[in-house]
Amino acid sequence: MSRSISRAGAALGAAMVVMALSVAPAFACGGLIGPNGAVNLLRTTTLAGYHDGEEHYITAFQFAGGGGSFGSLTPLPGIPSKVEKGGDWTLQRLIQETEPLRDVFLAEAAAPAAGSAEELMKVRIDALDVTVLRGGPDEVGQWATDHGFRLPPDSPEVLDFYAARSPIFLAAVFDADAATNRGQAIGDGTPVHITIPTGNPWVPLRILALGKTANERVEAAVYLLTDRVPALLPAPDASSGLVLDHSAAASDSLLADLRSDRGMDWVPGSAWLSKVRIDAAAPLLGFDLAIDASGAGQPSRVMAGLDLPGTIAAPDRTSDLIRILIAVAFTVGGIGGIVVLLRYRPPMRAA
């Protein structure tokens, strides 16, 4: 694919992806944190791909204004096996295949302190420092504080929401000054490719509302690339703020273009492409996007953030009641039949 195509979506910024999906934002979801409020994240595109038991999360973000460093925290479904620079045109090619989109995400990295989260992996990608963390909400919050970032007031609640399901987070810190020294212009980005072994993909959405006010909206786009048609929870509809913009077999030309990009040789010969657009008021985005890519059609309510881990869904008593009523009806009918037979049986003749 030509460089002109890879530059076509230059408005995509640096970033990272969250996990599992089949080739759609995996990291389409991250909460911005920074030492000041001078940095604005613009539209972001994310791809979460799922194939052979691994989720491939690729994302990028745009920024405008600000200097120094800033970043974001992104929850992950498991420990990544690899974190590397993403391809040059993968996200732009997906946009070209469907339509533009948006998303938020980024984080930071450094040495651990007492009571701080454990650093499992650290990678430097251009002007972006990526750190994979393991810890509870207090430890992850402490890590961010130790590295000079101010967390918004809703951080404890949001971090607890995620840590209850997975203690793995990805922090990415973007050094705007270093980017300038490298010749990166405002709006240029650093794509990040995260590979995560997992049973089914999952995309964090609630984290996108981190620090937003009640009057703000969350807009993002998540591309999913799976071996078969995925089942999604919540199901996209107007009430959930999720819109299914695209759902069709991926074209041969798209798959060939994706495979030709850096680190994208995992893309299968055939796949299903979905695009989920998020457009919701921040207070209403209290869930994540759970995906069942197995074909069983049963995405996890826990992974969607709708149930707590270990929760047993209340049994449906309707069918039990129907069975009881049927049993009672048969019992009453049987007793009635016996009474009728006894009452109206013909008298016995003498031998």
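The values are calculated or read from the model by the stated rules, or taken from the named source; none is laboratory data. In this text the structure is predicted, and so the values were computed from the model without any measurement. We place every Cβ from the backbone using ideal geometry, glycine too, and count neighbours over all the protein chains shown.
When you look at L289, is it crowded, with 21+ Cβ neighbours inside 10 Å, touching a Gly at 6+ places or on another chain (Cβ under 7 Å), aliphatic (A, V, I, L, M) and within 21 Å of M303 (Cα to Cα), yes or no? No, not satisfied. Out of everything in segment 211-221 that is assigned to a loop (DSSP other than H, G, I, E, B) and of a type outside the set (K, R), what residue ends up being farthest from L284 (Cα to Cα)? Once the filter is applied, the top-ranked residue is G211. Among the candidates L208, L224, the residue that is within 30 Å of L120 (Cβ to Cβ), part of a helix (DSSP H, G or I) and modelled with pLDDT of 85 or more is uniquely L208. In segment 180-199, the qualifying residues are those that are surrounded by 23 or more Cβ atoms within 10 Å (Cβ to Cβ) and at pLDDT below 80, and the one that is farthest from W143 (Cα to Cα) is G189.
Out of A296, A280, which single residue is crowded, with 16+ Cβ neighbours inside 10 Å and more than 14 Å from A48 (Cα to Cα)?
A280
Screening A107 against (1) assigned to a strand (DSSP E or B); (2) at pLDDT below 90 leaves a single unmet condition, (1).
Going through segment 74-102 one residue at a time, which ones are part of a strand (DSSP E or B) and either polar (S, T, N, Q) or modelled with pLDDT under 80 (or both)? Even if it seems obvious, please write down each step before you answer.
Restricting attention to segment 74-102, the residues satisfying the condition of being part of a strand (DSSP E or B) are 74-76, 82-85.
If the condition is that a residue be part of a strand (DSSP E or B) and either polar (S, T, N, Q) or modelled with pLDDT under 80 (or both), then T74 is the only one that fits.
I need the strands (runs of 3 or more DSSP E) fully contained in segment 110-177, keeping only those with at least 2 residues that are among the small types (G, A, S). So that I can check it myself, show each step before the final result.
On the way: elements: 118-125, 128-134, 168-175.
Passing ranges, in order: 168-175.
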